[in-house]
Structures are given as C-alpha cells and as structure tokens.
Amino acid sequence: MSLLAVGVSHQTAPVALLEQFAMGPDDTVKALHELVGSNHVSEAIVLATCNRVEVFAEVDRFHGGVTEVSRVLARQAGATVEELSPYVTVHYEDQAVAHLFTVAAGLDSMVVGETQVLGQLRNAYALAREQGTVGRAMHPVAQRALRVGKRVHSETGIDTAGASLVSVSLDRAEERIGSLEGRPVLVVGAGSMGALASATLARRGATVTVVSRTFAHAERVAAAVEGRSAELADLPTEVAAADVLITCTGARGLVVGTEVIARAMAARPDRPLVVIDLALPRDVDPGVAALPGVHVVDLALLQGERSHDGRSAASPVAADDVAAAHALIEAETALLRAERQAAAVAPTVSALRSQAAEVVDAELLRLSTRVPDLDARARAEVARTVRRVVDKLLHEPTVRVKELASAPGGVDYADALRALFGLGIDAEVLPARTNLAEAVTVDPDELRPGGTT
C-alpha cells in the first residue's frame, strides 16, 4: 500500500475552475465513500477549502488509484479527466507526504504562512474518521501532518510574517477606504470563515454585524465579538448601512445579487463600498464590480497578486522562515518514511519467521517418524537446538532488513527477502510524482517524475 495525493489548487487552476470543484459536507462524504468503495483505494481524506480540493489516499496500485481518484474529482467538477488534466497534480509516497506537510504548514496557501488551513485539515481528518475512511495506514500520516503544521508555526517565524486570507483582504479594504476603526462592517456567513472574519474585524476596531441563513448561528458569532446579528431577510438594509461587506457562506449559488448592491449604492451615492467575497463558489454576482463606488476583493484578485516566484505578494514571508519551515518538513518526511517502511517490512519478517517455524515443525515430525524410539528428553533437546539454530540464522537478516528499510529505497530489501525465501512478491515500481494526464494514460513503469507545480 502507498500514499497518493491528487488534487487541484490555486497554484494550478484559476478560481473559476476551483468553483466547479467546490464541495459541501454532503459532497465530501459522498466522495469519501465513493473513493474507498473503488477497487484500488482503501483509505481516503478529502481536503476541500476555498483554495483547493485534494484527495490523500492509500492505494494498492498507482495507476489504478490515480484513475479512480481523478474520476471522482472530475465528476465533482462536472468535467472529464482529460479536461482537468492540465490543472491537476499527482504526488506519490514521499512527495505526497511532503506535499501534505507543506499544505498543513500553510506554505502552499494563497497567503503563505496562514493558519486556517491547519484547522481545515483537522476537520477533514475528523470527517474521514467519522465516516470510517481512514485506517491504520493514514491515521499516522494525518496525525503527523497536524503536528508538523503546529511545529512550523511554533518553531519558525512564519506566523509573524504570514496572515490569513481575511487579514489580507481587509488590508486591501483599508487601502481603499482607510482604517476600519469604528466603521460598520457586515459579515454574511457564520461558519468558521465568518467567525474568523468577525474576530479579525473586532481586533481592528470595526463595528460588526453578522447575517446568516440560520439566525442562531449569526447570534453566536456576533456575541463572541460584541457585535450584532440580523436576519438574512434584512440583507438589503444592512448592506446599505455598511462600509465593508464580507461574504463567506457555504452556499452553492449566489447570495448577493447585483440588484441588492445597486439599491444600496443608490441610497448612498457618495459613500464607497468594499465587497470582499471569500466564498468558493462565489457568493456575490460578478456584475457588482461594474457598479460605481463599489470595489470588489475576491479570490481571483488575490490569486492574481501572486508574484512571479509563486509566493503571495500579500504576504512577504521572510526567506529564512520559509527555508526553516521546509527543512523541518524534510526532516519530518524522512522520519515518517522510515516509520512507514519499517511497518511495511514487518509482514515480510513475520512471514519469514512463520515459514521457518513451519519448516522446523515439519522436520521434527519427520525425525519422530524416522527415529520413533528417541526418548522425550532427547526429542525436546533436539527441538530446542534446531529452533535455536534457525533463530540465530534469521536474526541478522531480519534485524538488518529492518535497519535498511529506514533508509531511502530500503523497502527494496524486503522485496529481495521475499524473493529469496519464496514468500511471494507483488510490487509496483512507481514514480514519486507525475502529471495527471501522464498518470491516467501511460503505464506506471514508464512514468517520469515531473508535472505541474
């Protein structure tokens, strides 16, 4: 079994395409069960955020696993595998682990160093556990990823330079209208992003009003920041009173239409409005951007601000901090690789010892038929001697194969052991990483590492 990561993110796809991949909780549950119900995927976690949809899966065949995961993603996006192939990346084994750790640390985020993705990964893992789609193989991987994310934020300077998507968006709003101190801000959405937006606004001194489809949820979020809540039916009135509108719901369709904003602006022609849409798919009609006095900040805008080296211009994290984070991830990846390879070789060692025990038992039985007059004491001594000899002969190779398994490529020694002792071998030679189009059309033994980054 091997770890596979297949997905699409802001690094490889435009926001318009990411919107097609958007998953609600029900969609995620359906995808999880569809994945583990396929032929080659035994365990799976689906990480679905506003910036990415990625599947981390334990598979028994690279080619078959990529095909099955990509089909699930394509179905969710309403597209074909071929149409999506330029935007999807595939990582395998060590590269899949390193990628997961990088995501957990916030190094692959639109705003480098942000911490929200760590909570999103924790929720994705919790959902997979609840649905029974993670087991012995992926539990340690997911748990290590969460620990790595925490270590990166606590042991490097990423947190001091990084910022959440909300913070960067609010920076853009302040560039347009000035400080948010004392200004009325309307937050539409009372989920995790809505709560984060409200808390960030409160720290900046804004007057927060929260609107949600479920009024009780809006009340809860508003109370936490000493703000006020309002009914969704009051949205037009609340928009007209706000200087900033932030939307971050989980709705699958538009929540704020052009006519709502147009009426609000007609009532306040000399007062600008900043609209921040952090939802995926988007909450606000794109036509709003053409209205006089309205400035829109959305995921597409923030994605376009990325610098040529792929880092976000909105979050200039120090190079030393990034290097320290990557060094930590590299060390943790090597450590997990050693643990996984040691676990992978354990069945081989067990099979070898079981086979040896069977041979000893068979030979002792043959001895008892050939020398039936051998007394019980002598028979017991012969049995102890034979078992001791076999144990000593097996000790060195079994200890060494465990040691060698912790080194890169060490699992090949387990394959050799199985072949030498006739324990059976059924392994696939697989690449670390490849492009989706190659992965689903070419024999895995012919694939070359590469693909989109």
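Here residue 382 passes the criteria (1) modelled with pLDDT of 85 or more; (2) loosely packed, with under 14 Cβ neighbours inside 10 Å except the one numbered (2).
So, of the residues in the range 150-168 that are among the β-branched types (Val, Ile, Thr) and outside any loop (DSSP other than H, G, I, E, B), which turns out to be modelled with the highest pLDDT? First the steps, then the outcome.
Just the residues of the range 150-168 that are among the β-branched types (Val, Ile, Thr), to begin with: 152, 156, 158, 160, 166, 168.
Within this subset, residues satisfying the condition of being outside any loop (DSSP other than H, G, I, E, B) are 152, 158, 160, 166, 168.
On the way: 152: 91, 158: 78, 160: 62, 166: 87, 168: 87.
Result: 152.
Here residue 45 meets the list (1) at pLDDT below 95; (2) closer than 17 Å to residue 340 by Cβ; (3) in contact with a Phe, Trp or Tyr (Cβ under 6 Å, 6 or more places away or on another chain) almost entirely, failing just condition (1). For the range 20-39, a residue qualifies if it is closer than 21 Å to residue 249 by Cα and part of a loop (DSSP other than H, G, I, E, B), and the qualifying residues are 22, 23, 24.
Looking at 282, 252, 311, 306, can you tell me which residue is loosely packed, with under 14 Cβ neighbours inside 10 Å and modelled with pLDDT under 90?
Working: 282 fails: loosely packed, with under 14 Cβ neighbours inside 10 Å; 311 fails: loosely packed, with under 14 Cβ neighbours inside 10 Å; 306 fails: loosely packed, with under 14 Cβ neighbours inside 10 Å.
Answer to the selection: 252.
So, residue 114, is that one crowded, with 24+ Cβ neighbours inside 10 Å, assigned by TED's automatic domain parsing to the domain that holds residue 141 and in a loop (DSSP other than H, G, I, E, B) or not? Yes: the conditions hold for residue 114. Selection of the range 266-298 for residues being charged (D, E, K, R) and within 32 Å of the chain's Cα centre (by Cα) yields 277, 282, 283, 285, 298.
Only residues that are closer than 18 Å to residue 43 by Cα and in contact (Cβ under 8 Å) with a residue 40 or more places away in the chain: list them for the range 102-122, please. Walk me through it before giving the result.
Filtering the range 102-122 for residues closer than 18 Å to residue 43 by Cα gives 121-122.
If the condition is that a residue be closer than 18 Å to residue 43 by Cα and in contact (Cβ under 8 Å) with a residue 40 or more places away in the chain, then 121 is the only one that fits.
When each of 390, 360, 401 is tested for being of a type in the set (Val, Ile, Thr), in contact with a Ser or Thr (Cβ under 8 Å, 6 or more places away or on another chain) and in a helix (DSSP H, G or I), the lone residue that passes is 401.
Among residues belonging to the range 357-398 that are among the small types (Gly, Ala, Ser) and in contact with a Lys or Arg (Cβ under 9 Å, 6 or more places away or on another chain), point out the one that is nearest to residue 418 (Cα to Cα).
First pass over the range 357-398, keeping only residues among the small types (Gly, Ala, Ser): 357, 362, 368, 376, 378, 380, 383.
Cutting the leftovers down to in contact with a Lys or Arg (Cβ under 9 Å, 6 or more places away or on another chain) gives us 357, 368.
Numbers: 357: 16, 368: 30 Å.
Among residues in the range 357-398 that are among the small types (Gly, Ala, Ser) and in contact with a Lys or Arg (Cβ under 9 Å, 6 or more places away or on another chain), the one nearest to residue 418 (Cα to Cα) is 357.
Screening residue 321 against (1) closer than 29 Å to residue 171 by Cβ; (2) out of contact with any strand residue (DSSP E or B) (no Cβ under 7 Å at 6 or more places or on another chain); (3) at pLDDT 85 or above leaves a single unmet condition, (3). Taking the stated definitions as given, is residue 141 within 30 Å of residue 201 (Cα to Cα) and either part of a strand (DSSP E or B) or in contact (Cβ under 8 Å) with a residue 40 or more places away in the chain (or both)? No.
Kindly establish whether residue 102 is assigned by TED's automatic domain parsing to the domain that holds residue 155, within 12 Å of the chain's Cα centre (by Cα) and surrounded by fewer than 24 Cβ atoms within 10 Å (Cβ to Cβ). Answer is yes for this residue.
Cβ-Cβ contacts under 8 Å between residues 6 or more apart (or on different chains), taken from a first residue in the range 69-93 that is outside the structural domain of residue 8 (by TED's automatic domain parsing) and closer than 17 Å to residue 44 by Cα to a second residue that is surrounded by 22 or more Cβ atoms within 10 Å (Cβ to Cβ) and small (Gly, Ala, Ser), are absent. The lone criterion from (1) closer than 25 Å to residue 48 by Cβ; (2) surrounded by 14 or more Cβ atoms within 10 Å (Cβ to Cβ); (3) free of Cβ contacts under 8 Å to residues at least 40 places away in the same chain left unmet by residue 151 is number (3).
Quick grid of which residues meet (1) under 28 Å from the mean Cα position of the chain (by Cα); (2) within 20 Å of residue 288 (Cβ to Cβ):
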position	(1), (2)
219	no, no
222	no, no
225	no, no
231	no, no
237	no, yes
241	no, yes
247	yes, yes
251	yes, yes
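Got a sec? Which helices (runs of 4 or more DSSP H) wholly within the range 174-242 have at least 3 residues that are surrounded by 21 or more Cβ atoms within 10 Å (Cβ to Cβ)?
Details: elements: 192-203, 215-224, 235-241.
By residue number, 192-203, 215-224.
Among the numbered conditions (1) surrounded by 16 or more Cβ atoms within 10 Å (Cβ to Cβ); (2) within 30 Å of residue 57 (Cα to Cα), the only one that residue 132 does not meet is (1). Residues in the range 79-99 that are in a loop (DSSP other than H, G, I, E, B), surrounded by fewer than 24 Cβ atoms within 10 Å (Cβ to Cβ) and at negative phi: 5 in all.
Here's the yes/no breakdown for (1) among the small types (Gly, Ala, Ser); (2) within 22 Å of residue 271 (Cα to Cα); (3) free of Cβ contacts under 8 Å to residues at least 12 places away in the same chain:
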residue	(1), (2), (3)
193	no, no, no
199	yes, no, no
220	no, no, no
239	no, yes, no
248	no, no, no
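For the range 40-49, a residue qualifies if it is surrounded by fewer than 23 Cβ atoms within 10 Å (Cβ to Cβ) and either within 14 Å of the chain's Cα centre (by Cα) or not in a loop (DSSP other than H, G, I, E, B) (or both), and exactly one does: 42.
The values are calculated or read from the model by the stated rules, or taken from the named source; none is laboratory data. What you are looking at is a predicted structure, and each value in this text was computed from that prediction instead of being measured. Methodologically, a virtual Cβ is constructed for each residue, glycine included, from the backbone with ideal geometry; neighbour enumeration extends over all protein chains shown.
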